[in-house]
1. If the Cβ limit is 6 Å and pairs must be 6+ apart or interchain, which residue in region 249-268 that is over 20 Å from residue 308 (Cα atoms) pairs with which residue that is modelled with pLDDT under 95?
2. May I ask you to verify whether residue 160 is in contact with a helix residue (DSSP H, G or I) (Cβ under 9 Å, 6 or more places away or on another chain), in the same structural domain as residue 128 (by TED's automatic domain parsing) and buried (at least 20 other Cβ atoms within 10 Å of the Cβ)?
3. Just a yes or no: is a residue in region 138-149 among the small types (Gly, Ala, Ser) and either surrounded by fewer than 21 Cβ atoms within 10 Å (Cβ to Cβ) or assigned to a helix (DSSP H, G or I) (or both)?
4. Inside region 113-137, can you point out the residues that are in a helix (DSSP H, G or I) and β-branched (Val, Ile, Thr)?
5. On the given criteria, is residue 379 in a strand (DSSP E or B) and in contact with a helix residue (DSSP H, G or I) (Cβ under 7 Å, 6 or more places away or on another chain)?
6. Got a number for residues in region 161-176 being assigned to a loop (DSSP other than H, G, I, E, B), farther than 19 Å from residue 189 by Cα and of a type outside the set (Phe, Trp, Tyr)?
7. Filter region 231-289 for residues that are among the polar types (S, T, N, Q) and either outside the structural domain of residue 340 (by TED's automatic domain parsing) or not in a loop (DSSP other than H, G, I, E, B) (or both) and give the result.
Amino acid sequence: MKKIISAFIALLVICFGVVPIQAQQQSWQDEIIYFIMIDRFNNGDPSNDYEVNLDDPKAYHGGDIQGIIDKLDYIKELGFTAIWLTPIVKNEPGGYHGYWTEDFYEVEEHFGTLEEFKNLVQEAHDRDIKIILDLVVNHTGYHHPWIQDPEKQDWFHEDIPIISWDNQENVEDGRLAGLPDLAQENPETRKYLLDMAKWWIEETDIDGYRLDTVKHVPKDFWEEFASEVKSVKENFFLIGEVWHSDPSYVADYAKTGIDSFVDYPFFNEATRIFSQPNQEIGKYMSGIWKRNVSLYENPYVLGNFIDNHDNKRFTRLAIEKDQDTLTQLKQALTYMYSAPGIPIIYYGTEIALDGGDDPDNRRMMEFKDHELVDYISKLGEIRNSHRALTYGEMEVLFEQAGMAIIQRTFEDEIIITAINNTTSDQTVSLSEEVLGENIQLQALLKEKIVTEKDGYEISIPKQSSEIYLVEEGTKQMNALPWGIAVMSILVIGLIALISRKKVIKNRN
């Protein structure tokens, strides 16, 4: 039977010339990440709802691990292949966000138990979803027990604030927001943090860490950290937060062994460009990509995002510019899903959740029907089906203020994304010299075909987008009925063969 199935798949490859992306070996650049602040996502277990106050933006709101388990199918249907969670470790009172550690080895009781977290990881893996856990090694909570321990006074730097952000020593040794700053140069402190990081991998089988406040920790620590944690699990992923607008400054941390970074230079330009119409797209976004290519060994694993828990939500940025939030979000999301890099979607973006500065940008999630849910699902389906969008080179074919046509090419697959972020309908003609002869453009979002008519005319209504698969001109018309006929014959033959084997078995 296995030989029959293998032959069936092989024939499909011959007929259609493609292999399903799920059947090919995946790397982290194939992923699409959903970012969840645990306390603000979904309340699955009311029994841990003490000190919950939905009217206080700085109090616990009841989200927990069980709530995430309950929504794994929802996350899967949206097309996400990985989940990034805010820290789950026990926090001091008021640490709903997870960044005020009280105990590095315990699960915050508001969120659930270690066994529940292990169950979450297993349930996610059963759905082919990876789990990335946020990890903080720069600081503890304000009142951590070590602060009063006479034997651990040298585990912390002096109580000095960060005064100069251009002084790297002050950035690394000063207290961020007044939080006690750990001294990673102390061998005991370093060993504790490394052992702790490895323990969580061994104990729960998580797939990666999102590393908080990377620039506030010495690079030599990250070098040892990367080596140690990657010795525990093959293909373990490290994505760091280096909150800085200079791509060279961010990229310098890649030399430590950290695989990827949340791309703040991308965020800065993408939110500026797509939160309002008539801004140049290709010039700036391709410029970021070209810099990334020159700076990183593998720029395809950088994390692209348009909002997160530390910045105003994209929805609010559009509102402040008197724009329709749904329209601008669709433009930004279309670009992000078709650009090089890993898309990272902050929970609530799929319903255009509003939010200003922290903590307003951390509102409780609402689960409801929304046009963006379907739109993001479609974008996820397209990205998960076309390796040109995860591995392809990038080229801008057309650019004017607010209108851009961008091409991604990988091996023999070509994807073209047309974004019209202007306030008027646009038609762009591309010549055969640009696209080639005897081809057609199969629209993947709105499911239509563009063929050669004195040049290939791409017509995009105002403030909308389309993603095209470039195909041979006769492929769409001829391959489908032929493929259906071949598949029908194969299915009939397979059924007949199975029936014949059953008859022989019964006779014997």
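1. none
2. On the way: in contact with a helix residue (DSSP H, G or I) (Cβ under 9 Å, 6 or more places away or on another chain): yes; in the same structural domain as residue 128 (by TED's automatic domain parsing): yes; buried (at least 20 other Cβ atoms within 10 Å of the Cβ): no.
No.
3. Quick first cut of region 138-149, residues among the small types (Gly, Ala, Ser) only: 141.
Filter again for either surrounded by fewer than 21 Cβ atoms within 10 Å (Cβ to Cβ) or assigned to a helix (DSSP H, G or I) (or both), leaving none.
No, region 138-149 contains no residue that is among the small types (Gly, Ala, Ser) and either surrounded by fewer than 21 Cβ atoms within 10 Å (Cβ to Cβ) or assigned to a helix (DSSP H, G or I) (or both).
4. Looking only at region 113-137, we keep the residues that are in a helix (DSSP H, G or I), and these are 114-126.
The one that is in a helix (DSSP H, G or I) and β-branched (Val, Ile, Thr): 121.
5. Taking the combined requirement at face value, the residue does not satisfy it.
6. If we filter region 161-176 for residues that are assigned to a loop (DSSP other than H, G, I, E, B), which is where we start, we get 162-167, 174.
From the residues that got through so far, the ones that are farther than 19 Å from residue 189 by Cα too are 162-167.
Filter once more, keeping what is of a type outside the set (Phe, Trp, Tyr): 162-164, 166-167.
Here the count works out to 5.
7. Narrowing region 231-289 to residues among the polar types (S, T, N, Q): 231, 235, 245, 248, 256, 260, 268, 271, 275-276, 278-279, 286.
Answer for region 231-289, where residues must be among the polar types (S, T, N, Q) and either outside the structural domain of residue 340 (by TED's automatic domain parsing) or not in a loop (DSSP other than H, G, I, E, B) (or both): 248, 256, 260, 268, 271, 286.
A quick yes/no check of all residues on (1) in the same structural domain as residue 291 (by TED's automatic domain parsing); (2) among the polar types (S, T, N, Q); (3) in a strand (DSSP E or B):
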position: 375; (1), (2), (3): yes, no, no
position: 384; (1), (2), (3): yes, yes, no
position: 406; (1), (2), (3): no, no, yes
position: 416; (1), (2), (3): no, no, yes
position: 437; (1), (2), (3): no, no, no
position: 462; (1), (2), (3): no, no, no
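The values are calculated or read from the model by the stated rules, or taken from the named source; none is laboratory data. Model, not experiment: these values are computed from the prediction. Cβ: placed from backbone, ideal geometry, glycine included. Neighbour counts: every protein chain shown.
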